[in-house]
Amino acid sequence: MSKLQFITVLGSTGTIGVNTLDVIARHPDRYRVYALTANSRIDPLLSQCRAFSPRYAVVLDDDAAEILRERLRSEGLETEVLCGPEALEQVSSATEVDAVMAAIVGAAGLKPALAAAQAGKRVLLANKETLVMSGSLFMDAVHKNGATLLPIDSEHNAIFQVMPPGFDRGLVASGVKRILLTASGGPFRRASHDELAKVTPSQALNHPNWVMGPKITIDSASLMNKGLEVIEAHWLFNASPDIIEVVIHPQSVIHSMVEYVDGSVLAQLGNPDMRTPIAYALAYPERIESGVGSLDLFKVGRLDFEPPDMIRFPCLKLAFEALRRGGTAPAILNAANEVAVQSFLEERIGFTDIPRLIEAALARVSVVEGRALAEVVDADRAARAAAQEWLEQRS
Ligand code: NAD
Ligand code: MG
């Protein structure tokens, strides 16, 4: 049995965070929680502190920190409360930490994930936005500091599982021909353009197969999630966009596939439950129980596949274009998408305005190389400003 691992869970109150703690709780002989972090929701964080007794709990603002401190003290719990974005970096890079689950949503997750990579940690990466915004910077940090990067996104975790050993010496040299990235197609797979223009946030938040946080659920409905995942796959596997193919697979049973030059196609299958990739990444290269039930193929019955429709779902096309353009284009795409999703959830724009807003931001903000963090942060800021400007001009 390997030594006890100390884990920081960034975004512990989110969907991925909660699933991570579910897996950790099944293996008290293997894992201890070093730090838990949340944006502002104190109640779930406090219950997690009761259950896992972390050394630290991190929240974003002073008021939330003070309330949490008081409540922990009144219950006699010893968890220390830290506050602010720098504290996130501190608990991601502390010497005592073995692995960091990067499960904050959106651009806010970038700096703490980068801090974990720079500290040479085992990084369990759920926050795909990190790779979309700063792929080259992040991968450099992983390689230079001897970090171990394990993808949590179910598709990338699947691809990682079926990649040949030593694939990082190059996909062509490893005999890999194509990456087949599966997508459920979301709740509007069959909707016409006119129907798409009228969808409400509550319809878009109702994903057929997966239970996820609101941002990624909207991204799944617009296929931007798949677009972000194409960019994520590019960086994780050093794969050219030409060999990444998106396959709509409504059952979400095959989590992705790799095709080899000899014609073999290897797939990873399982119930759509994030505890499988989480358990895989926590224990890699070993395997541990995750709490996920057996896949009942007789109940699944059939597996369907179809090509994506980039006309009804232009977000996927925009993401491929941003990847091909390179530099800070994906960071601009990501930031504009975050503003668009938020505006859609607030009912300020319609569903089909999401790609329009992103396209406008990409047209307005200049793309630079983006090899320095400051350039990425600037691109993110400029894209948010351009997106706001577009929203104001429109109203
Ligand atoms: P979520 O909304 O359920 O949770 C987000 C977490 O981040 C919460 O703990 C929240 O407190 C924290 N957070 C939000 N804003 C923050 C900020 N500004 N600073 C610090 N913390 C902040 O999201 P989720 O569905 O768990 O997704 C998390 C990440 O994992 C996303 O990047 C998503 O794309 C990725 N992911 C999720 C799934 C899934 O099944 N949920 C699958 C693949 C990838
Ligand atoms: Mg995914």
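The values are calculated or read from the model by the stated rules, or taken from the named source; none is laboratory data. Because the structure is a prediction, the values reported are computed rather than measured. No Cβ is skipped: glycine too gets one built from the backbone with ideal geometry, and neighbour counts run over all protein chains shown. These area figures cover heavy atoms from the full protein model, side chains too; ligands, DNA and RNA do not enter into them. Shrake-Rupley method; radii C 1.70, N 1.55, O 1.52, S 1.80 Å.
Given springs between every Cα pair under 10 Å in a Gaussian network model of the chain, which of Pro151, Pro201, Pro355 has the largest fluctuation?
Between Pro151, Pro201, Pro355, it is Pro201 that shows the largest mean-square fluctuation.
Can you classify the stretch 326-395 as rounded, prolate or oblate using the Cα gyration tensor, where a ≥ b ≥ c are the square roots of its eigenvalues, rounded means a/c under 1.5, and otherwise it's prolate if a/b beats b/c and oblate if not?
Values: a/c = 2.29, a/b = 2.17, b/c = 1.06.
Note, shape of the stretch 326-395 comes out prolate.
Within the stretch 89-196, list the GluC sites (Glu not before Pro) lying in a DSSP loop whose Cβ has at most 14 other Cβ atoms in a 10 Å radius.
Passing both the DSSP loop test and the Cβ count: Glu96.
Can you order the peptides 18-25, 382-389 by their average number of other Cβ atoms within 10 Å per residue, highest first?
Values: 18-25: 21.0, 382-389: 19.0.
Most protected by this proxy first, the peptides run 18-25, 382-389.
Between rounded, prolate and oblate, where does the chain land on the alpha carbon gyration tensor, with a ≥ b ≥ c its root eigenvalues, rounded for a/c under 1.5, else prolate if a/b exceeds b/c?
Taking the square roots of the gyration eigenvalues as a ≥ b ≥ c, the chain is rounded.
Only Cα pairs within less than 10 Å get springs; with that Gaussian network setup on the chain, which residue of Ala158, Ala141, Ala117 has the largest fluctuation?
So, out of Ala158, Ala141, Ala117, the one fluctuating most is Ala141.
Run the 1.4 Å probe and let me know the accessible area of Met139, rounded to the nearest 10 Å².
My reading of the accessible area for Met139 is about 20 Å².
Taking Cα centroids, how far is the stretch 205-233 from the stretch 323-395 in Å?
Between the Cα centre of the stretch 205-233 and that of the stretch 323-395, the gap is 17 Å.
For labels at Glu78 and Leu297 in the simple 7 Å Cα→Cβ model, what's the distance in nm?
5.1
Using a simple charge model, +1 on the beta-carbon of Lys and Arg, -1 on the beta-carbon of Asp and Glu, nothing else, what dipole does the chain show about its Cα centre, in debye to the nearest 20?
Values: 38 positive and 48 negative charges, 108 e Å.
Taking the Cα centre of the chain as origin, the dipole is about 520 debye.
What is the distance in Å between the Cα centroid of the stretch 258-302 and that of the stretch 64-139?
If you average the Cα positions of each part, the centres end up 27 Å apart.
Among the trypsin sites (Lys or Arg not before Pro) within the stretch 184-232, which fall in a DSSP loop and have no more than 16 other Cβ atoms within 10 Å of their own Cβ? Write out the running numbers ahead of the final one.
Working: sites: Arg189, Arg190, Lys198, Lys215, Lys226; in loops: Arg189, Arg190, Lys198.
Loop-located and lightly packed - Arg190, Lys198.
Taking the chain as a Gaussian network, where each spring joins two C-alpha atoms under 10 Å apart, which residue of His249, His207, His193 fluctuates the most?
His193
Return the loop-located chymotrypsin sites (Phe, Trp or Tyr not before Pro) in the stretch 299-353 (DSSP other than H, G, I, E, B) with at most 12 other Cβ atoms within 10 Å of their own Cβ; answer none if there are none.
Of the chymotrypsin sites (Phe, Trp or Tyr not before Pro), the ones in loops of the stretch 299-353 whose Cβ has at most 12 other Cβ atoms within 10 Å are Phe305.
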